[in-house]
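*Asks:* Take this structure first; my questions come after.
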Amino acid sequence: MVSYPLINPPSDSKKMTKPTSGNSAESIQGKGLHREELRAFYEKDAKEDEKSKAETARLLATT
């Protein structure tokens, strides 16, 4: 079993900050934009997959 050393472990837990709740309007808007970007990315990826499958099927049919 390989064990990896920790790189720069926190020296004092008091220095760690608590994350914000994320309920601000700016935070919510940012999350919405992120979701829209992800949706667009996955839709584009799905279209490319379909094109690739169709091309593969066409190539297999002609060989």
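*Asks:* Taking 0.36 nm per intervening residue step and subtracting the Cα-Cα distance, what contour gain separates LEU38 from GLU55 on full extension? Could the numbers behind the result be given before it?
*Replies:* Working: separation 17, 0.36 × 17 = 6.12 nm, distance 2.55 nm.
Computed gain between LEU38 and GLU55 is 3.6 nm.
*Asks:* Please report the net charge: other residues with Cβ closer than 13 Å to the Cβ of GLU37, K and R +1, D and E -1.
*Replies:* With Lys, Arg at +1 and Asp, Glu at -1, the net is +1.
Throughout, read-outs are computed from the coordinates displayed, never taken from laboratory work. Note that the structure is predicted; figures quoted are calculated from it, not measured. Every residue, glycine as well, gets a Cβ built from its backbone with ideal geometry; the counts of neighbours run over all protein chains shown.
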